[in-house]
Amino acid sequence: MLGTFTVSRPTELGQALDLIGEESLAYWGGTELFLAMKMQLLMPGNLVDLKGIPQLREIRMSGDELVIGAGTTHDEIATDPGVRGAAGLLSSVTSRVGNSRVRAQGTIGGNLCFAEPRSDLATVLLALDAMVQLQSSSGERRLSITEFLLGPYWTAREPEELLVAVCVPIPAATGVYLKFQFTERPSVAVTAVVSDGGQPCRLAIGAVADVPALHTAESWDEFDAASIAAGIEPVPDLTGSVTYKRHLTEVLVKKAIAAVRAGERDG
Amino acid sequence: MADGGELGRTVRANVNGTEVSRYVANRSTLAQFLRDDLGLTGTKVSCELQVCGVCSVLVDGSPVSACTYLAVDIDGRKVETVEGLADGDTLHPLQQAFVEEFALQCGFCTPGFLMMSVALLRRNPDPSEEDVKEYLDGNICRCTGYRPIVEAVQLAATRMREDGHV
């Protein structure tokens, strides 16, 4: 049962920025927020419905970046020809998030801001070296995924800030995303990608610990799956113990690296 | 921008082809609104966590878990529930195929499976077995009769393609 609250429906970004704050939370699909409100983990006095702000759902190229508006749903990202062409891995991962209803209603911005530790998007966006763009009435800033995600359900976003867009450098890294999942969210997710800029081999491990972790190297030979798995701190839950999840991680790291070395590419 | 400070609002929506105008509390879910206010009890509620799929309905053609969707958010939109599928006494091809393939046992999950299948066939009129399984992955049948459900969806898809049914 939800508590009582008022709802604001801004039609322009500036209005939304004036409205959001500690007690006044932004929402789009509500796929994460309403669950937290039902459990009374969050009890905002006001909700700010962002669905009336078209600019938050734009997908566009800007210089050497693919810019995805925070209000774009997983399904819209997965089926967008521009995303598929420029960042096929992201397209593929979004097509496998949650279930069909979550993909139809849930957005990239909501997913990242909720900072669910088992987020598929956080893991793949970390591997793709994406940045998030935060805006408030007093200014804007850009953060890397590592800077943004501080812990489970905890981000660097200030209450009066809105995540307005996610920026993926283009040409985007390509590779594979493997996950082991029996429920709505993965127990372990591993993505291995090859990038044109910086260290060419990038491995991100998500869902298993408090926040996703990134490992980079010049060559895939430098990765040792056993020591990577030993270095993570899995969160035990109904889908597995610490020991079991470390084992899964090691197996998925080996598989992901083997796949990317063999030339496999998702999307 | 409108109606700050109010705990509800009047929504105007098209539900299964009928224009509806009701005052709804902000805290009402779409499932509560459909079942309690409109008496459309075909939409069931179970997990209330968007996991089981029994409350699946379509809003502007897009599948939603009615248990976790605000009723006030249907304002100006089109809602489709299982009650809107049949044309009088003529079952929708999906319903007919579910009957013929014995794609239900207790039937509690069936409205959700039907609405998700409607959404699937609109975007993919010729789904493979894998496509059906993937799209319906978020719907749970505790009688575990999944195989006939997949077969029913594919049978309906074939008939709908032949008939030009939309």
(request) Look at A:Ser219 and say whether it is more than 12 Å from the chain's Cα centre (by Cα), surrounded by 15 or more Cβ atoms within 10 Å (Cβ to Cβ) and either assigned by TED's automatic domain parsing to the domain that holds A:Thr249 or without any contact (Cβ under 8 Å) to a residue 24 or more places away in the chain (or both). (result) no
(request) Check A:Pro186 against each of (1) of a type outside the set (S, T, N, Q); (2) touching a Ser or Thr at 6+ places or on another chain (Cβ under 6 Å); (3) farther than 30 Å from A:Leu17 by Cα and name the one condition it does not meet. (result) (2)
(message) Give me the residue from region B:147-166 that is hydrophobic (A, V, I, L, M, F, W, C) and open to solvent by less than 50 Å² (accessible area, probe 1.4 Å) and, out of that set, nearest to B:Val45 (Cα to Cα).
(response) B:Ile149
(request) Kindly provide the set of residues from region A:34-45 that are open to solvent by 30 Å² or more (accessible area, probe 1.4 Å) and either outside the structural domain of A:Ile108 (by TED's automatic domain parsing) or not in a loop (DSSP other than H, G, I, E, B) (or both), ordered by number. (result) A:Lys38
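Every residue, every condition in (1) within 16 Å of A:Gly106 (Cα to Cα); (2) outside the structural domain of A:Phe114 (by TED's automatic domain parsing); (3) at pLDDT 95 or above; (4) in a loop (DSSP other than H, G, I, E, B), yes or no:
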| position | (1), (2), (3), (4) |
| --- | --- |
| A:Ala16 | no, no, yes, no |
| A:Ala26 | yes, no, yes, no |
| A:Lys51 | yes, no, yes, yes |
| A:Leu56 | yes, no, yes, no |
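Residues checked against (1) more than 29 Å from A:Glu12 (Cβ to Cβ); (2) of a type outside the set (Ser, Thr, Tyr); (3) more than 9 Å from every other protein chain (Cβ to nearest Cβ):
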site: B:Ala13; (1), (2), (3): no, yes, yes
site: B:Gln32; (1), (2), (3): yes, yes, yes
site: B:Thr41; (1), (2), (3): yes, no, yes
site: B:Leu49; (1), (2), (3): yes, yes, no
site: B:Gly61; (1), (2), (3): no, yes, yes
(request) Test each condition in (1) more than 20 Å from the chain's Cα centre (by Cα); (2) modelled with pLDDT of 95 or more; (3) within 9 Å of another protein chain (Cβ to nearest Cβ); (4) open to solvent by 10 Å² or more (accessible area, probe 1.4 Å) for B:Glu6 and report the one that comes out false. (result) (2)
(request) Specify which of the listed residues (B:Thr158, B:Thr110) is without any contact (Cβ under 8 Å) to a residue 40 or more places away in the chain, under 25 Å from B:Gln50 (Cα atoms) and of a type in the set (Ser, Thr, Tyr). (result) B:Thr110
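Name the one entry in B:Leu104, B:Leu120 that is over 30 Å from A:Phe5 (Cβ atoms), within 9 Å of chain A (Cβ to nearest Cβ) and among the aliphatic types (A, V, I, L, M). Let's see the steps before the verdict.
Details: B:Leu104 fails: within 9 Å of chain A (Cβ to nearest Cβ).
Going through B:Leu104, B:Leu120 in turn, just one is over 30 Å from A:Phe5 (Cβ atoms), within 9 Å of chain A (Cβ to nearest Cβ) and among the aliphatic types (A, V, I, L, M): B:Leu120.
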(request) Could you please find all residues in region A:156-195 being buried (at least 21 other Cβ atoms within 10 Å of the Cβ) and hydroxyl-bearing (Ser, Thr, Tyr)? (result) A:Tyr177, A:Ser187, A:Thr191
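Looking at A:Gly198, A:Gly206, can you tell me which residue is among the small types (Gly, Ala, Ser), outside the structural domain of A:Ala156 (by TED's automatic domain parsing) and open to solvent by 50 Å² or more (accessible area, probe 1.4 Å)? Spell out the reasoning first.
On the way: A:Gly206 fails: open to solvent by 50 Å² or more (accessible area, probe 1.4 Å).
One residue alone meets the criteria, A:Gly198.
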(request) May I ask you to list the residues in region B:28-58 that are touching a strand residue (DSSP E or B) at 6+ places or on another chain (Cβ under 8 Å), at pLDDT 95 or above and open to solvent by 10 Å² or more (accessible area, probe 1.4 Å)? (result) B:Ser28, B:Thr29, B:Asp37, B:Leu38, B:Leu40
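Quick test for you: out of B:Thr90, B:Thr144, B:Thr81, pick the one residue that is buried (at least 23 other Cβ atoms within 10 Å of the Cβ) and among the hydroxyl-bearing types (Ser, Thr, Tyr).
B:Thr81
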(request) Would you mind finding the one in A:Thr11, A:Thr31 that is in contact with a Gly (Cβ under 7 Å, 6 or more places away or on another chain), buried (at least 23 other Cβ atoms within 10 Å of the Cβ) and not in a helix (DSSP H, G or I)? (result) A:Thr31
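The values are calculated or read from the model by the stated rules, or taken from the named source; none is laboratory data. Please read these numbers as outputs of a predicted model, since none were measured by experiment. Note that each Cβ is placed from the backbone with ideal geometry, even for glycine, and that neighbours are counted across all protein chains shown. Accessible surface areas use protein heavy atoms only, side chains included; no ligands, DNA or RNA. Shrake-Rupley method; radii C 1.70, N 1.55, O 1.52, S 1.80 Å.
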